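Let me begin by presenting the structure, written as structure tokens, before commenting on it.
The values are calculated or read from the model by the stated rules, or taken from the named source; none is laboratory data. Just so we're clear, the structure is a prediction, and the values are computed from it rather than from any experiment. No Cβ is skipped: glycine too gets one built from the backbone with ideal geometry, and neighbour counts run over all protein chains shown. To get the accessible areas, we keep the full protein, side chains included, count just its heavy atoms, and leave off ligands, DNA and RNA. Shrake-Rupley method; radii C 1.70, N 1.55, O 1.52, S 1.80 Å.
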Amino acid sequence: KTYSKIAFLLIIILLFILIFKILSDGFKINSLTIAGIKVDGLYLKLNEKLILDIDNIDISGISRSEASEPISIEDIERVIRRAIWLASFFERLDIQNIQYANDSSSIYFDGKQYKINAPQALAIFELRNDDNDIFLNIDTLKIKQQDIDVKGSILYFKGDGVFTFDLSSCINKRNDNVINIMGQTDFTHLNVVLDTTNLDSIAILAPYIKELDLDVYDWMYEKSN
């Protein structure tokens with residue numbers, strides 16, 4: 001029994017050495033499919049942390065349930081913390097193309113900043129834990145269809161369950177149409193302070209306000225005329 005335990009321990013040690021050697025040298029897989037997910041051009045290497053490059057991930061074959069429950073603040077927090085924990089293992093993560101349905105996106109992480117390029121938006125941001133709190137620093141958030149650019153920071157306080165935000169946005173890349181948005185929310189109550197540059201006309205805001213709230217749109221434009 002003693003010899004069996006020693007032999008088993010040696011096998012485990014040799015296995016770890018072999019895995020470490022393979023990761024240190026780096027290896028590439030041209031194509032593989034796992035649970036309906038097709039991966040092409042995977043390269044994995046271990047330096048101080050992992051480096052993972054993937055040419056393409058096709059997830060369009062994954063079936064999706066039609067019914068879905070409302071997302072809670074706890075769900076959002078759990079997903080964010082898992083993403084931060086997972087990213088902590090990587091020195092670099094580069095997925096050049098994620099294919100789903102008729103759209104595609106890309107993800108890049110350099111060990112500090114994330115860059116996500118999706119059909120609707122381009123986002124470059126830093127995401128980290130400060131004790132139990134979560135800090136999001138937005139370097140770039142471009143809403144493509146509306147041509148809106150957003151920068152700023154969002155902080156989630158775990159103890160109070162409160163999000164505070166300090167953001168600035170501009171429309172059509174015009175620095176004379178800047179809107180500063182500061183406030184906080186616990187997803188039950190919302191406190192917001194808006195500060196804008198001087199606008200010759202609020203007509204530029206019309207399509208966005210109308211899309212968000214038709215009653216506010218009607219009231220605002222009645223008062224402005």
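A probe of 1.4 angstrom, applied to the heavy atoms of all protein chains, finds ILE73 with accessible area near 40 square angstrom. Each 5 Å bin from zero up to the one holding the largest Cα-Cα distance in region 1-115 carries the following percent of pairs: 2, 9, 12, 15, 18, 15, 10, 8, 6, 3, 1, 0.
Taken one residue at a time, the phi angles of region 117-132 give Karplus couplings (6.51, -1.76, 1.60, θ = phi - 60°) of 10, 10, x, 8, 8, 10, 10, 10, 7, 10, 9, 8, 8, 10, 6, 8 Hz. Gly and Pro are set to x.
Are there any trypsin sites (Lys or Arg not before Pro) in region 92-195 that are in a DSSP loop and have at most 11 other Cβ atoms within 10 Å? List them by number. Walk me through the intermediate numbers first.
Details: sites: ARG92, LYS112, LYS115, ARG128, LYS142, LYS144, LYS151, LYS158, LYS173, ARG174; in loops: LYS112, LYS144, LYS158, LYS173, ARG174.
Qualifying residues, ordered by number: LYS112, LYS173.
Remark: for residue pairs LYS115/LYS173; LYS115/LYS151; LYS38/LYS144; LYS112/LYS142; LYS142/LYS173; LYS49/LYS112, the C-alpha separation exceeds 18 Å in LYS115/LYS173; LYS38/LYS144; LYS112/LYS142.
Among residues other than ASN56 whose Cβ falls under 14 Å from its Cβ, what is the net charge (Lys/Arg +1, Asp/Glu -1)?
Taking every other residue near ASN56 into account, the sum is -4.
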